[in-house]
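Values quoted throughout were computed directly from the atomic coordinates according to the rules given, and no laboratory measurement underlies them. As the structure is a prediction and not an experimental result, all values here were calculated from the model. In this analysis, Cβ positions are derived from the backbone assuming ideal geometry, glycine residues included, and neighbour counts consider all displayed protein chains.
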Amino acid sequence: MSNSEINEINLQSCLKALVDPVFNKTFASSGFLKTATVSESGQACVQIELPVPSYPLQAELSELIQNSIRQQFPDCQDVEIEYTIKIRGKNSGGRLGLNVKNIIAVGAGKGGVGKSTVAASLAFALKQFGARVGLVDADVYGPSIPHMVGTREKPVAQEFQRKDGQTLTRIVPVEVDGLKVMSMAFFVEPDQAVIWRGPMLHKAITQFLQDTEWGELDYLIIDMPPGTGDVSLTLSQLVDLAGAVVVCSPQQVALLDAVKAVQMFRQVKIPVLGIVENMSGEFFGRGGAQAKGEELQIPFLGEIPMNAEIREKSDTGEISQLVAEGSESRTHLLKVAENTAIEIARTLLENPARPPLEIL
Ligand code: ADP
């Protein structure tokens, strides 16, 4: 039997050797190839299951599959490729009994670099790709997320029946355009100064995660307080984070703070997914974060230019519109979200059997 004869065994071995252009993995090792069948009329049907909600090189991948099949099987009549998405995750919330695939921390070395802006737009962008997303405002020193997303609602407590019949009171997060949101701002008055000590922070974060009815989520984004290690330590103990995104502006001083943030995450064993350069452009310069990322061997997730629309929309509570068509920053924000999801999936592919993080 020649291997140019089209049948399922030959088709599958042809496809398993292909390397996808985003993750650089063979289908044999990535598991993206779901099925490959040959119909009676000689048509090849290929089903690909992508691990991320947005895969940037789908057309190239289709062409690669088409060309390889036609080259190896000159008699093949037709090739049909079907794509499905199954977002992969490491069951980040499993330890707390949550059904959350990937928990992502968004941090910065100092305030004012646009960390909350990036966290909120990352959440809306992933949602726009079709993922199920939640957003936790853990920036307890200046919780700005409710203002940015434009909600005045408060979460409510509700009783839930557990499988064993017991009832449990849980907090139902506020929903904004389909995004589930929790914030300290829901619980304190705007002008009320809150002095947070370690144990209180720990308790608040635990409640945000453990006692909140998140439902099933693909991504839960956590807007971290700037600088401090307290919340990061708590998080690394509570959940198995997919990783951290570090936001910085292009100025040298902010870059040095970003290095501190990276070191802080590494210290508490939270993998750093990459670095985002925010507010790049003429005023602060650009490219510094990418260079720093290379130096630290951290992926660069993208740049977001300085743009008046970003400040306006977050001031008026319309930050979700930044990822909508017509927004000037849309492509940049979607790219950052796409790259973040890719880095998460890449980390999983490269460390398939990574043991759970040690509890410190
Ligand atoms: P942080 O969370 O790091 O303290 P914020 O996200 O609250 O920072 O952003 C600080 C201010 O900068 C906000 O007014 C926000 O609207 C504005 N901002 C953030 N990113 C940009 C940008 N790329 N262009 C213009 N303004 C921005």
Completion exercise
Relative contact order in percent for region 182-326 (Cα pairs under 8 Å, 6+ apart) equals 17 percent
Practice task
Have a look at the DSSP beta bridges in the chain and tell me what percent are antiparallel, nearest 5.
Solution key: 30 percent
Problem - Residue among Val259, Val276, Val19 with the largest mean-square fluctuation in a Gaussian network model of the chain, springs linking Cα atoms under 10 Å - result: Val19
Problem - For q = 0.32 Å⁻¹, Debye-computed log10 I/I(0) when each Cα of region 260-301 counts as one equal scatterer - result: -1.10
Practice task
With label points built 7 Å along Cα→Cβ from the Cα atoms of Gln47 and Ser29, find their separation and express it in nm.
Solution key: 2.6 nm
Practice task
Compare Pro155, Pro53, Pro143 in a GNM of the chain, Cα atoms joined below 10 Å, and give the one with the largest fluctuation.
Solution key: Pro155
Exercise for the section: Mind pulling the angle between the C-alpha long axis of helix 198-210 and the longest principal axis of the chain? Nearest 10 degrees, somewhere in 0 to 90. Expected result: 40 degrees
Completion exercise
Semi-axes (Å, rounded, descending) of the ellipsoid equivalent to region 34-177 per its C-alpha gyration tensor are 43, 22, 12
Problem - For Leu334, Leu122, order by how many other beta-carbon atoms lie within 10 Å, fewest first - result: Leu334, Leu122
Exercise for the section: With all distinct Cα pairs included, what does the Kirkwood hydrodynamic radius of region 214-360 come out to in Å, to one decimal, could you say? Expected result: 16.4 Å
Practice task
Give me Glu40, Glu328 ranked fewest to most by other Cβ atoms within 10 Å of their Cβ, as a rough exposure proxy.
Solution key: Glu40, Glu328
Practice task
Write down the percent of antiparallel bridges among all DSSP beta bridges whose residues are both part of region 145-255, to the nearest 5.
Solution key: 90 percent
Handout entry: Estimated dipole of the chain in Debye, rounded to 20 [Cβ of Lys and Arg +1, of Asp and Glu -1, Cα centre]
Key = 1140 debye
Problem - Percentage relative contact order, the chain, counting C-alpha pairs under 8 Å, at least six apart - result: 19 percent
Handout entry: Degrees, to the nearest 10: 115-128 long Cα axis against longest axis of the chain
Key = 40 degrees
Handout entry: Shape call, the chain: gyration tensor on alpha carbons, a/c limit 1.5
Key = prolate
Practice task
Pull up the DSSP beta bridges for region 128-187 and report the antiparallel fraction as a percent, rounded to 5.
Solution key: 70 percent
Practice task
Compute log10 of I(q)/I(0) for region 8-85 with the Debye formula, placing one identical point scatterer on every Cα and leaving out solvent, at q = 0.15, 0.19 Å⁻¹, to two decimals.
Solution key: -0.46, -0.74
Practice task
Take the alpha carbon gyration tensor of region 51-103, find the square roots of its eigenvalues, order them as a ≥ b ≥ c, and report rounded if a/c is under 1.5; if not, report prolate when a/b exceeds b/c, else oblate.
Solution key: prolate
Handout entry: Pairs from Lys34/Lys154; Lys86/Lys115; Lys25/Lys180; Lys25/Lys163; Lys16/Lys90 whose Cα-Cα separation, in the structure shown, is over 32 Å
Key = Lys34/Lys154; Lys25/Lys180; Lys25/Lys163
Fill in the blank from the handout: When Arg132, Arg286, Arg162 are ranked with the fewest other C-beta atoms within 10 Å first, the list becomes Arg162, Arg286, Arg132
Practice task
Starting from the eigenvalues of the Cα gyration tensor, five times each then square-rooted, give me the equivalent ellipsoid semi-axes of region 82-138, largest first, whole Å.
Solution key: 24, 17, 9
